[in-house]
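One structure is given here, and the rest of the page talks about it.
The values are calculated or read from the model by the stated rules, or taken from the named source; none is laboratory data. Quick caveat, the model's predicted, so the values are computed rather than measured. With ideal geometry, Cβ positions are generated from the backbone for all residues, glycine too; neighbour counts draw on all protein chains shown. Please note that ligands, DNA and RNA were not included when accessible areas were found on the heavy atoms of the full protein model with its side chains. Shrake-Rupley method; radii C 1.70, N 1.55, O 1.52, S 1.80 Å.
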Amino acid sequence: MEFGEIAAAEAEGTILAHTVRHGGVVFKKGRKLSAADIAKFTGAGVTNVFAARLGPDDIPEDEAAAAIAAVAGGPGANAQAPFTGRANLHAGVHGIALVDGERVNALNRVHESLTFATVAHHAVVDERQMVATVKVIPFAVPRDALARALEIIGSEPVIRVEGFRHCDVGLVITRLAQTKPALLAKSEQSMRERVAALDGVIGEVVVCDHSIEAVGSAVARLQAKHRHPILVFGASAIVDRGDVVPAGVVAAGGEIVHLGMPVDPGNLMLFARLGGVPVIGVPSCTRSPKLNGFDWVLERVMAGLHVSAEDIMDMGAGGLLAEIPSRPSPREGRPKAQHAPRVVALVLAAGQSRRMGSNKLLADLGGKPMIRRTVEAVLGAVDKAIVVTGNAPDAIAEALAGLAVETAHNADYESGLASSLKRGISALPSNADAMLVVLGDMPLVDAEIIRRLIAAFNPAEHRSICAPVHQGTRGNPVLWGRQHFSALQALEGDKGARALLDRLSEELVEVEMPGDAILLDADTPEALATLRSAGFA
């Protein structure tokens, strides 16, 4: 790869290394410069640019990042489309991330152009949370370096996420003569909060005397009722295998796996099994909501992971928790992590089709109405879609029968496109981070186009509006961040948001698309014929 300052007149086909703002021209870094771009540079008086020119043995940044992300993530770790050399992996479930640290290190030692970062091994992650990111530092990766990285990954993922199993947990709480009811209640509440945070429930609580016989009977009773796991919160600390709680588990037919752990707080924890059911002796420090070693074991058990004595003994590195104020308690919640944006598609299907002569959205394309094909493609890339109806709402609803979409009727559809935008925005859920405005008459826009737009979305980096372009021409759909919803609601008439895009150019990123699907709609019978010839019989 060649990199440096070159004459603008010779820069066609290179990748712009830094954003250029000059004489009204604004081109953002990462743009592949076309002949039209060079002409604009010349007209604006730009003589030199910093750019990269790839060679035959260079793999472009997005291609390389996508190749790694596609195979590095296993079940529960979903790869996002790449953008600017970055491909993120997000958790598909609430659970525990399992990371092969040795191979992560090996990947990062292949070549300085390629980096791979993950959350910690056994970290608890939320659904949609970013768990790993592939980032190409320059604009390309040497072909042989990418090959070595893929060889390291092989057929086994480097990171996966094991989801919590919605366990029905049994809880035993023992008492002594002097044990106060308030202490019993505090012990139970602490366990309920911890279990609920891991998507489980306390199915049954047994309060019994602090004796071997009573503990054995309670544990056996819960095991017979298929409670899993079983937690035993003793009235006094467990200090030996012969103590009341471990002896009670053995009396019920269980086996002690390990007593104690190299984590503080949490040293005095017991791990045992009864008929394959994990039984955990809870340390008294767990009455506090602060993190302790018991939490690390409970998390793994609630995700269905096997826990061995060696696993517990290996928790010492990083196991000193008492003086780490940055570790919040379950009640306080974990520090905010990066999450995949919640994108809702707004499919505009309210128009009158004046230029077509009939409702174009109901036109047959390969045996399906046009609007159905458009919506099916959208649902392949987003979790939620809202279809804004106006003209012929019943016929549109019939065309979408069986699809998981919501509809929002715009009674004022004759006033123009802006009214449909307003109606759609009013129907958005409160947790939507962004909306994708999709025109119902663009059935060639597929899920991959939408995923590329979502991958580009990053408000923190002033990419809160993402628009597709093909050979310098901007098309649809356009992705809008929540911060722009109020400006969109202020639009009037039938002009849409084109003027708003120009006004908010600092927040706009143009995402290059390989084909012209983003430019093809069906406003006229001739345009419909073109669509049919493009892939629909």
Here, LEU305 and GLU127, labelled 7 Å along Cα→Cβ, have an inter-label distance in nm of 2.1 nm
Honestly the stretch 377-528 on the Cα gyration tensor test (a ≥ b ≥ c root eigenvalues; a/c under 1.5 rounded, otherwise a/b vs b/c for prolate or oblate) is just rounded
Cα gyration tensor of the stretch 181-268, axes a ≥ b ≥ c as square roots of the eigenvalues: rounded (a/c below 1.5), prolate (a/b > b/c) or oblate? rounded
Relative to a virtual label point 7 Å from the Cα of GLU255 in the Cα→beta-carbon direction, which members of the stretch 265-297 show backbone nitrogen distances below 17 Å? 271-280
Is it possible to state the helix-based mean residue ellipticity at 222 nm for the chain, with each DSSP H run of 4+ residues giving -39500 (n - 2.57), the sum divided by total residues, to the nearest 500 deg cm²/dmol? What is it? -8000 deg cm²/dmol
From the cross-link list LYS32/LYS360; LYS32/LYS135; LYS186/LYS225; LYS32/LYS384; LYS32/LYS422; LYS360/LYS422, the entries with a Cα-Cα span beyond 29 Å are LYS32/LYS360; LYS32/LYS384; LYS32/LYS422
Modelled FRET efficiency - R0 56 Å, LEU176 with GLU414, Cβ distances, 0.05 increments: 0.10
Radius, Kirkwood style, for the stretch 465-537 when every pair of distinct Cα atoms is counted (Å): 13.9 Å
Working from Cα positions, state the angle (0 to 90°, nearest 10) between the long axis of helix 212-224 and the longest principal axis of the chain. 40 degrees
For the stretch 253-266, Karplus-derived ³J(HN,Hα) couplings (6.51, -1.76, 1.60; θ = phi - 60°; whole Hz; x for glycine and proline) come out as x, x, 10, 8, 8, 6, 10, x, 7, x, 10, 10, x, x
Enclosed volume per residue, in Å³, of the convex hull spanned by Cα atoms of the stretch 1-155: 112 Å³
Note down the nm distance, to one decimal, between modelled labels 7 Å out along Cα→Cβ at GLN338 and at SER236. 5.2 nm
How big is the Rg/Rh ratio for the stretch 128-181, C-alpha atoms only, Rh by Kirkwood, two decimals? 1.42
The stretch 498-537: C-alpha gyration tensor shape, a/c 1.5 cut-off, then a/b vs b/c: oblate
Plugging the Cβ-Cβ distance of ASP433 and GLU406 into 1/(1 + (r/R0)^6) at R0 = 22 Å yields, to the nearest 0.05, a FRET efficiency of 0.80
Just want the answer: with Cβ charges of +1 for Lys and Arg and -1 for Asp and Glu, which residue in VAL249, THR530, ALA185 is farthest toward the dipole's positive end in the chain? ALA185
Sorted by chain and then number, the residues having a modelled amide H within less than 5 Å of the amide H of GLN338, at least 5 places away or on another chain, are MET130
Relative contact order of the chain: what whole-number percent is it, with Cα pairs under 8 angstrom and at least 6 residues apart? 10 percent
Solvent-accessible heavy-atom area per residue, rounded to whole Å², over the chain at 1.4 Å: 45 Å²
According to a simple spin-label model (label point 7 Å from Cα along Cα-to-Cβ), what is the distance in nm between VAL201 and THR47? 7.5 nm
Please compute the Kirkwood hydrodynamic radius over the stretch 88-169, one decimal place, Å, based on all pairs of different Cα atoms. 13.7 Å
Rounded to whole Å and sorted largest first, list the principal axis extents of the Cα atoms in the chain. 86, 58, 40
Share of accessible surface on carbon and sulfur in the chain, whole %, 1.4 Å probe and ligands ignored, is 51 percent
